[in-house]
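Since every read-out is calculated from the coordinates, none of them should be taken as a lab result. Because the structure is predicted, anything quoted here is derived from the model rather than measured. So basically every Cβ, Gly included, is an ideal-geometry build from the backbone, and we count neighbours across all protein chains shown.
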Amino acid sequence: MQELLQSRKRLEFYQSPDIDLILCPWGFGGTDNLAQEGAHSILGDTELIRALEALKVKVNLIEPPSLGPFEIQESPNRIRNIEAITSVNNWLKEQVYLSRGMGHLPVVLGGDASLSIASISALSNFYRDKGKTDEFGVLWFSNHFENSAPEVTKSWNANRMALTALTYDGDLNDVHEDFKTLISDKFTTIPAIDKKNIVQIGVNHRSAQDSVDHEYFVMEDIGELGISGCVIMALEKLAHCKHIHVVLDLNVFDLSAVSNYSLGQMNYREAISMARSLDLKLRRMDKLVSIDVVEHCPSREAWDKRGEAAEWVVDILENIFGANVFNVARKY
């Protein structure tokens, strides 16, 4: 233990690959499209690029094209905005695939969680093309499972179907037509990823636990084991995976500017401890290949906490890429 503590105090600089910061400001997968504000809020209201470049990381900003125009689609028994989601996800898949092809590390600033269908599908295909299908895994931070589907959903929101879409391995003729569109297009194979290659952390909603069969850690686990302990155990369950994608759904944190706020989620110190663990256990071991930041809804932020969520994202990403906020000298 003493050796571990000393090693944390004298971490040497570790060079990261170039970061492709991909702006994906669309929230068509959510109820009110408010997550479309997240990407520009994080980038425009903070000094994210400057903070990352201070860590000697080259940052390439990839701005979104002019897609659409899209009309909000809300029809009974239809996935909301399925045409817009398909168009956006096809663009994002291409960007993530190209980024990895250049040896870069894509960081997607969303947007709602349906964007993770695109990024994970692209990465799955990238490693499948290299014959390394089983070496790709996902560490997914969220306060719920994203395991809804047309036959059980009440909202018809694609952001709640992300995990189900990515892991579906049945006959496409047996599913709803919109769900088929969500999971099968020019970039996606079925399934995009095996459930044994996914671990979720921070789940709050216990009512859905009977309906899942993949590994996960609930908030009570974080309370008992600590967030660093949960991250270490999660990565042990993904030990067979050499390439890990991280989904940061901001509703896993105790923030008001998120799509699905619930009490008792991870506080700031736990968020930074999580980021430090991802730095030590993934990035410095060349296992971290990409990150999604999703479900940031600035207009829902409490008036006395304006900008808080965006600042958390900056601090989290800084610490994943080598900073240590616990050792920063601040002026007051």
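Applying Stokes-Einstein at 25 °C and 0.890 mPa s to the Kirkwood radius of the range 1-160, computed over alpha-carbon pairs, gives a translational diffusion coefficient of 139 µm² s⁻¹. Answer rounded, prolate or oblate for the range 202-332, using the Cα gyration tensor with square roots of eigenvalues a ≥ b ≥ c: rounded when a/c is under 1.5, else prolate when a/b is larger than b/c, else oblate. Oblate, since a/c reaches 1.5 and b/c is not below a/b.
Cβ crowding within 10 Å, taken as a proxy for footprinting-reagent exposure, orders E215, E53 from fewest neighbours to most as E53, E215. According to the Kirkwood relation over distinct C-alpha pairs, the hydrodynamic radius of the chain is 19.8 Å. Comparing P17, P298, P65 in a Gaussian network model of the chain where C-alpha atoms under 10 Å apart are linked, the largest mean-square fluctuation is found at P65. Principal axis extents of the Cα atoms in the range 279-324, from largest to smallest and rounded to whole angstrom, are 40, 21, 10. Amide hydrogen proximity for W140: with H placed 1.01 Å from N in the peptide plane, the residues at 5 or more positions away or on another chain lying under 5 Å are V199, Q200, I201, V247. Ordered from longest to shortest, the equivalent ellipsoid semi-axes for the range 46-109 are 32, 14, 10 Å, each the square root of 5 times a Cα gyration tensor eigenvalue. Computed from the Cα positions only, the extents of the range 93-226 along the three principal axes stand at 40, 38, 27 Å, in decreasing order. The lysines whose alpha-carbon is closer than 29 Å to the alpha-carbon of K180, local same-chain residues fewer than 8 away aside, are K93, K130, K132, K154, K195, K196.
With the highest mean first, a sort of the peptides 232-241, 35-44 on other beta-carbon atoms found within 10 angstrom per residue produces 35-44, 232-241.
With bins 10 Å wide beginning at 0, the percent of Cα pairs of the range 122-170 falling in each bin runs 23, 43, 27, 7.
Neighbour counts of other C-beta atoms within 10 Å: give me C24, C230 arranged from fewest to most.
Numbers: C24 29, C230 24.
By the 10 Å Cβ count, ascending, the order reads C230, C24.
Arranged by the count of other C-beta atoms within 10 angstrom, fewest first, what order do H144, H214, H296, H245 take? Show your work: numbers first, answer last.
Working: H144 21, H214 18, H296 32, H245 27.
Listed from fewest to most nearby Cβ atoms, that is H214, H144, H245, H296.
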